[in-house]
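Here the structure comes first, spelled out in structure tokens, and everything after it is commentary.
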Protein chains: 2
Amino acid sequence: MSASRIGQMLPSRSVSVLNGGNVWFFGGGTQYPAGYLVSGVRSMLIPSQLSPFSPQSIALSGVSERRRGLAQEKMTENGVFSRDKVLTIDTMNPTVKNVEYAVRGPIVQRAMQIEKELREGVKKPFTEVIKANIGDAHAMGQQPITFFRQVLALCSYPELLNENMFPEDAKNRARRILQACGGGSVGAYSASQGIDCVRQDVARYIERRDGGVPCDPDNVYLTTGASDGIVTMLKLLVCGEGASRTGVMISIPQYPLYSAALAELGAVQVNYYLNEEKCWSMDLSELERSLAEARKHCNPKALCIINPGNPTGQVQSRQCIEDVIRFAAKERLFLMADEVYQDNVYAEGCQFHSFKKVLFELGPEYSDNVELASFHSTSKCYMGECGFRGGYMEVINMDPEVQAQLSKLVSVRLCPPVPGQALMDLVVNSPQPGEPSHTTFMKERTATLSLLAEKAKLTEQILNTVPGITCNPVQGAMYSFPNISLPEKSINEAKSLSLSPQALGQAPDMFYCMKLLEETGICLVPGSGFGQKDGTYHFRMTILPPTDKLKILLAKVQEFHQKFTQQYS
Amino acid sequence: MSASRIGQMLPSRSVSVLNGGNVWFFGGGTQYPAGYLVSGVRSMLIPSQLSPFSPQSIALSGVSERRRGLAQEKMTENGVFSRDKVLTIDTMNPTVKNVEYAVRGPIVQRAMQIEKELREGVKKPFTEVIKANIGDAHAMGQQPITFFRQVLALCSYPELLNENMFPEDAKNRARRILQACGGGSVGAYSASQGIDCVRQDVARYIERRDGGVPCDPDNVYLTTGASDGIVTMLKLLVCGEGASRTGVMISIPQYPLYSAALAELGAVQVNYYLNEEKCWSMDLSELERSLAEARKHCNPKALCIINPGNPTGQVQSRQCIEDVIRFAAKERLFLMADEVYQDNVYAEGCQFHSFKKVLFELGPEYSDNVELASFHSTSKCYMGECGFRGGYMEVINMDPEVQAQLSKLVSVRLCPPVPGQALMDLVVNSPQPGEPSHTTFMKERTATLSLLAEKAKLTEQILNTVPGITCNPVQGAMYSFPNISLPEKSINEAKSLSLSPQALGQAPDMFYCMKLLEETGICLVPGSGFGQKDGTYHFRMTILPPTDKLKILLAKVQEFHQKFTQQYS
């Protein structure tokens, strides 16, 4: 334990720290006060798990070089010794540092701060923040389905079963769920895979949806939202080091859960680009290019598809899905189909085709062999029940030994939230014709989906009137992902900024969206958060705000884009 | 792509596959039918991420050696080509294979199967399975707190706010929670860190609990049960390879979430033994021994404590906690305090002391420096609301840059379940004197805790009357972890069995518990699932069954133990 007094210049870098909704910027070159003691020389860790392709790996290793071997104590003003943290940005898990999640990233943090400023009376050129950054239907005013909430209330407080204010079918559903719960309480743990009768209902739903293709409830796993299932599946798939590291093919643009999970797991993200010119469809040739490229430096094992698409709002054709399945079979890829928007199809001529159904229609050569995991959720479609974190995944053709490992793995977290499981049950087992709640249920469901269809059309139409904005039809899901032309001058100005070590602050469309937020109060997510072809720029906006607010939003975007273009021309 | 017909002898091993409640045993030496084609030679992955200390790493690498390079297609009877899986036990993530979770392990799977057999009319020497394997209070008949469920029903179906069947304080709590939700709906995502007002309520609760020690709501993170928070914290801490791999100190016996999470993250599990002779207390000398030993082959960074203890039911003294904090400060360890049983203290003279309170009482040298994360949950105490997956963690003295990474990391999963957050709020903001629900709430709370105290005493007393069983006082939590003497003959018989590749089936106390289950219908978890000193054997049983069933259970254990001892003497 050698100790000596030093006045050390700590490494210079700019760091933006986000915490509890506040953004702090630490400038570079901090000169620490005198009074440091070097104590207990301890070797710091080299961030060896960092992706060799990430820009941070280079930046961080430099920092580590300088800090390595310096564990410090300092004397504070009142004479108390203060020591360096055990857990610092340099000693923490480097894979976590690589994680990015734009949907709740810096722009949303800033939006929350602006809302706070507005409440505190700070004057802005607008009076409210309109959030179109996240697929959060209820937050945007969508009403929950009455039947679902009645059953959930009955499950929460079974005394209500004695009240005659609830329809009989709601009571029956609640009784059935409660009977399947330990001690008749949603407060008991369920089986880790999910409540038996809920998994059975899910299986029957899948069979109906897929025209009779059989579904074994033992292959259904209830999850904490779809995210949980997706991360669990990726966790099973990922292994290896160096050139044998697992690669996972994801679409670009993608939903950033995928890139975040792959970064955290230390897997290789293998990008394939959706074809913007053909309404964000999947091209077989692009899949082939991407895979061939990836095989040079990793071991691609899985292919992820989001259909209907997030953030791109397309609905893949049956032919396209067939092509993808044949490709996966030929190239030996595990398929992961994110189908959480399966009810959100708006465009004429478009239809949702589940990967499972198409797989089975291709015959036993495919249906007996291709490994597939499909994901669904209570958060999207007409329900929009994000807060309950309900979801399921179905695994098909999974190796029984691997499936045993999956069952074991999910048992560690005990069980998905039981209210979310109950809700998932109601989604797959909704009121049937002849039941007292059927009419209201259908009315509410249809109204929500029709309104979404209207808003999808409205969004596409208005955006396409703006010079410099090109928007594909919002065929499904809840998002438009328009292409925006940015003037060269704005691109250069964005690139000259260095607000964040993630370099996200420097993306031209981040610059654009941040300016849009500051000037109009509209909160969108820049395309760079989802990935896009080099040199193209986009933003993702949800179609969820109430129609009047959506119109205001679109008018403001229109006005802003024109002003922005002029300003930087 | 070279292809040739082979009749390959696949590796011989016994595998137990658990799936959907069924246990299948595959015997060794399967001779696959002819008709194999070796197609597409693809290099399989060496399980390099396996712990070099695990027995599987040796066993599996042998299997991989034999299978490597063999990607096979076989011709099925109807002439269709069938291919090897992409994802197999050999190509999957090896860290997942190392995960074990005894609380829901083979013995519980078997219990579920026996229950099914009983329903199907299979004759057994008992008529029901009594489960004392998991801290699942409601499943064992504990009633939920009325007030909590009223508020949850109101939050689920706000129409009920118009009914006069609910007390005003329940309505007020529901209104307050709903106002803090996006669109006034628990179906909206919350902030990833948790609903603001809930975090504020948690902070005030912690301040009250700890006699005024300040708590910043920005340091409170709501979680999906305590497990989620614990895994998240471990994820931040773990990194490095080889001798610089992160080590995490955990008690033995431990709650197997810790060992499972560490296995999955590829960290080194550093065992310190609780002192069974001194009622499972923590010994400073043992901590020192454990740490010194660990430093020879890894980089120990964190120390986990469960207090009150799971599975051991002890309540650590204030002095002990002080010693642990001083030790952590001196040795530069991040403290993780699992305090989910903070209300479950039964023994006279015992009291719950939070690590945070003791930390602050030790003065600024500690309170300004020692990094601590503390975990709580809605699942235990008097609530027992496991199914809602509610919880929080508070982080203290965390490096702001790391905390920003934590905030980013939790945002990827969007948010903890909102009903669980609402429930956590009610726990930390329960009815106050003068409010209409206060009397009933206090009555229910006291009744539950008193009953648990009675059952804790009953369990200890009866078990200690059995020759060969020694049981420490159940001072707190929900478990007893008695020491059982097993005859040499039974130990040898257990060891001669090889039912499972996890070697868990061979542990003598697993053999004992499995026999107990088959003969009496009582489901306990063997001590080997939690860890114990070599040559000692235990089981964990919860004190949760209703008193009459608990008495039956204890009488059956008594009888079984005597019979077992005779049989193998």
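Within the range B:279-303, the set of residues being within 13 Å of chain A (Cβ to nearest Cβ) and either more than 14 Å from residue B:334 (Cβ to Cβ) or open to solvent by 40 Å² or more (accessible area, probe 1.4 Å) (or both) comprises B:295, B:298. Within the option set B:317, B:354, being without any contact (Cβ under 8 Å) to a residue 40 or more places away in the chain, more than 17 Å from the chain's Cα centre (by Cα) and away from chain A (no Cβ under 14 Å) holds for one residue only, B:317.
Taking the conditions exactly as written (open to solvent by 30 Å² or more (accessible area, probe 1.4 Å) and either within 11 Å of chain A (Cβ to nearest Cβ) or not in a loop (DSSP other than H, G, I, E, B) (or both)), does residue B:149 satisfy them or not? In short, no.
Only one entry in B:337, B:329, B:373 is closer than 23 Å to residue A:86 by Cα, among the small types (Gly, Ala, Ser) and touching a residue at least 60 places away in the same chain (Cβ under 8 Å), namely B:373. Residue count for the range A:525-556 satisfying the condition of being open to solvent by less than 10 Å² (accessible area, probe 1.4 Å) and closer than 17 Å to residue A:124 by Cβ: 1. Scanning the range B:241-262 for residues that are open to solvent by 10 Å² or more (accessible area, probe 1.4 Å) and either on the phi > 0 side of the Ramachandran plot or in contact with a helix residue (DSSP H, G or I) (Cβ under 6 Å, 6 or more places away or on another chain) (or both) yields one hit, B:242.
Selection of the range B:429-443 for residues being within 14 Å of chain A (Cβ to nearest Cβ) and either out of contact with any Phe, Trp or Tyr (no Cβ under 8 Å at 6 or more places or on another chain) or assigned to a loop (DSSP other than H, G, I, E, B) (or both) yields only B:437.
Residue-by-condition table, conditions (1) of a type in the set (Ser, Thr, Tyr); (2) outside the structural domain of residue A:517 (by TED's automatic domain parsing); (3) touching a residue at least 60 places away in the same chain (Cβ under 8 Å):
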| position | (1), (2), (3) |
| --- | --- |
| A:90 | no, yes, no |
| A:106 | no, no, yes |
| A:112 | no, no, yes |
| A:119 | no, no, no |
| A:124 | no, no, yes |
| A:128 | no, no, yes |
| A:148 | no, yes, yes |
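Based on what the data block shows, is residue B:467 surrounded by fewer than 16 Cβ atoms within 10 Å (Cβ to Cβ), more than 28 Å from residue B:158 (Cβ to Cβ) and either at pLDDT 95 or above or not small (Gly, Ala, Ser) (or both)? In short, yes. When we screen B:187, B:247 for residues that are at pLDDT 95 or above, touching a His at 6+ places or on another chain (Cβ under 9 Å) and not assigned by TED's automatic domain parsing to the domain that holds residue B:367, the only hit is B:187. For residue B:347, state whether it is of a type in the set (A, V, I, L, M), more than 22 Å from residue A:420 (Cα to Cα), more than 7 Å from every other protein chain (Cβ to nearest Cβ) and open to solvent by less than 10 Å² (accessible area, probe 1.4 Å). Answer is no for this residue.
Taken across the range B:157-172, residues that are touching a residue at least 24 places away in the same chain (Cβ under 8 Å), touching a Pro at 6+ places or on another chain (Cβ under 7 Å) and open to solvent by less than 40 Å² (accessible area, probe 1.4 Å) do occur, with at least one present. Residues satisfying the criterion are absent from the range A:409-428 (criterion: assigned to a loop (DSSP other than H, G, I, E, B) and out of contact with any helix residue (DSSP H, G or I) (no Cβ under 8 Å at 6 or more places or on another chain)). Select, from A:432, A:461, the only residue that is surrounded by fewer than 22 Cβ atoms within 10 Å (Cβ to Cβ), out of contact with any strand residue (DSSP E or B) (no Cβ under 9 Å at 6 or more places or on another chain) and under 19 Å from residue A:202 (Cα atoms). On inspection, the qualifying residue turns out to be A:432.
Take residue A:181 and decide whether it is within 11 Å of another protein chain (Cβ to nearest Cβ), surrounded by fewer than 23 Cβ atoms within 10 Å (Cβ to Cβ) and at pLDDT 95 or above. Yes: the conditions hold for residue A:181.
Yes/no matrix, rows are residues, columns are (1) in contact with a Cys (Cβ under 7 Å, 6 or more places away or on another chain); (2) surrounded by fewer than 23 Cβ atoms within 10 Å (Cβ to Cβ):
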| residue | (1), (2) |
| --- | --- |
| B:379 | yes, no |
| B:396 | no, yes |
| B:416 | no, no |
| B:444 | no, yes |
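Considering every residue within the range A:354-372, establish whether at least one is in contact with a Gly (Cβ under 8 Å, 6 or more places away or on another chain) and crowded, with 21+ Cβ neighbours inside 10 Å. For the range A:354-372, residues in contact with a Gly (Cβ under 8 Å, 6 or more places away or on another chain) and crowded, with 21+ Cβ neighbours inside 10 Å: absent.
Restricting attention to the range A:359-374, the residues being farther than 30 Å from residue A:442 by Cα, aliphatic (A, V, I, L, M) and within 11 Å of chain B (Cβ to nearest Cβ) number 2. Condition check: assigned by TED's automatic domain parsing to the domain that holds residue B:375, more than 26 Å from residue B:528 (Cβ to Cβ), hydrophobic (A, V, I, L, M, F, W, C) and open to solvent by 10 Å² or more (accessible area, probe 1.4 Å). Does residue B:265 satisfy that? Spelling it out, it is not the case that residue B:265 is assigned by TED's automatic domain parsing to the domain that holds residue B:375, more than 26 Å from residue B:528 (Cβ to Cβ), hydrophobic (A, V, I, L, M, F, W, C) and open to solvent by 10 Å² or more (accessible area, probe 1.4 Å).
Residues in the range B:82-130 that are more than 12 Å from every other protein chain (Cβ to nearest Cβ) and assigned to a loop (DSSP other than H, G, I, E, B): B:120, B:121, B:122, B:123, B:124, B:125, B:126, B:127, B:128, B:129. Is it the case, given these coordinates, that residue B:290 is in the same structural domain as residue B:368 (by TED's automatic domain parsing), part of a helix (DSSP H, G or I), free of Cβ contacts under 8 Å to residues at least 60 places away in the same chain and under 24 Å from the mean Cα position of the chain (by Cα)? Judged against the criteria, residue B:290 is a match. Note on the range B:375-401: among residues that are assigned to a loop (DSSP other than H, G, I, E, B) and more than 9 Å from every other protein chain (Cβ to nearest Cβ), the one that is nearest to the chain's Cα centre (by Cα) is B:380.
The values are calculated or read from the model by the stated rules, or taken from the named source; none is laboratory data. Computed from a prediction, not measured in an experiment: that's the story for all the values here. Here Cβ is always computed from backbone atoms with ideal geometry, including for glycine, and neighbour counts include all displayed protein chains. Accessible surface areas use protein heavy atoms only, side chains included; no ligands, DNA or RNA. Shrake-Rupley method; radii C 1.70, N 1.55, O 1.52, S 1.80 Å.
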